[in-house]
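J.: There's a structure below that I have some questions on.
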Amino acid sequence: MTDSNDFEEKMITEFRQLALKISEAQEIIQTLAPKHQKLADLIKTYGLDAQVDDLLDDADPEKSQKKGAKIAHEVSLLFRANGNAWMRLSDIHDYLLANGIKIGGRNPNSNLSAHLSNAGGFEVQRAKGWRLEPSFFNDLEQAESKQ
């Protein structure tokens with residue numbers, strides 16, 4: 001019976017601790033909400049909504065991963081279309097912008113470079129730029145020819 005009592009006591013203790021943390025979080029939200037709303041109104045007034053959306057997207061790991069996957073897909077299409085020729089990062093960035101994909105942050109080229117590095121399948125050489133890794137490019141070409 002003591003195992004059951006220990007379990008019940010641990011469960012109630014954990015519940016009490018979580019209830020306290022939730023209460024503290026609600027107090028913080030009540031304190032910050034008015035200032036947050038004022039800033040949201042100012043952001044809207046000054047037309048900075050898109051910049052804030054980019055910051056929020058970058059802060060959300062799931063959205064960042066989805067955006068990274070979208071960037072990798074679009075860039076791989078670009079390289080497939082140009083025979084996998086080396087391209088400067090700024091040219092890739094321009095291509096993405098022209099196709100409606102904005103890279104946010106203080107240094108968009110650094111962010112784009114990070115997205116490509118994290119995606120895998122791309123290679124970079126300082127003097128030449130970026131391209132798909134040859135084996136990755138060949139795999140894509142073979143998969144496309146089978147379709």
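J.: Consider only pairs whose beta carbons are under 6 Å apart and that are at least six residues apart or on different chains; among these, list those whose first residue lies in the stretch 18-42 and is of a type outside the set (D, E, K, R) and whose second residue is open to solvent by 90 Å² or more (accessible area, probe 1.4 Å).
T.: Pairs found: none.
J.: When you go through (1) modelled with pLDDT of 90 or more; (2) open to solvent by less than 90 Å² (accessible area, probe 1.4 Å) one by one for LEU48, which number turns out not to apply?
T.: Against the list (1) modelled with pLDDT of 90 or more; (2) open to solvent by less than 90 Å² (accessible area, probe 1.4 Å), LEU48 comes up short only on (1).
J.: So which of GLU62, GLU14, GLU27 is at pLDDT below 85 and either within 21 Å of ASN111 (Cβ to Cβ) or part of a helix (DSSP H, G or I) (or both)?
T.: GLU62
J.: Related question: Please identify the pairs in which a residue from the stretch 111-139 that is part of a helix (DSSP H, G or I) has its Cβ atom under 9 Å from the Cβ atom of a residue that is open to solvent by 30 Å² or more (accessible area, probe 1.4 Å) and acidic (Asp, Glu), counting only partners at least 6 apart or on another chain.
T.: If the second residue must be open to solvent by 30 Å² or more (accessible area, probe 1.4 Å) and acidic (Asp, Glu), the pairs left are ASN111/ASP58; PRO134/GLU123; PHE136/GLU123.
J.: Here is a further query. Working only within the stretch 74-110, note down all residues that are part of a helix (DSSP H, G or I) and within 14 Å of the chain's Cα centre (by Cα).
T.: Selection gives PRO108, SER110.
Residue-by-condition table, conditions (1) open to solvent by 50 Å² or more (accessible area, probe 1.4 Å); (2) within 16 Å of ALA69 (Cβ to Cβ):
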| position | (1), (2) |
| --- | --- |
| ALA81 | yes, no |
| SER90 | no, no |
| ASP94 | yes, no |
| ASN99 | yes, yes |
| ASN109 | yes, no |
| LEU112 | no, yes |
| VAL124 | yes, no |
| GLU133 | yes, no |
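The values are calculated or read from the model by the stated rules, or taken from the named source; none is laboratory data. The structure displayed is predicted, hence computed values, not measured ones. Virtual Cβ from ideal backbone geometry, glycine too; neighbours counted across all protein chains shown. In case anyone asks, the SASA skips ligands and DNA or RNA and just uses the protein heavy atoms, side chains included. Shrake-Rupley method; radii C 1.70, N 1.55, O 1.52, S 1.80 Å.
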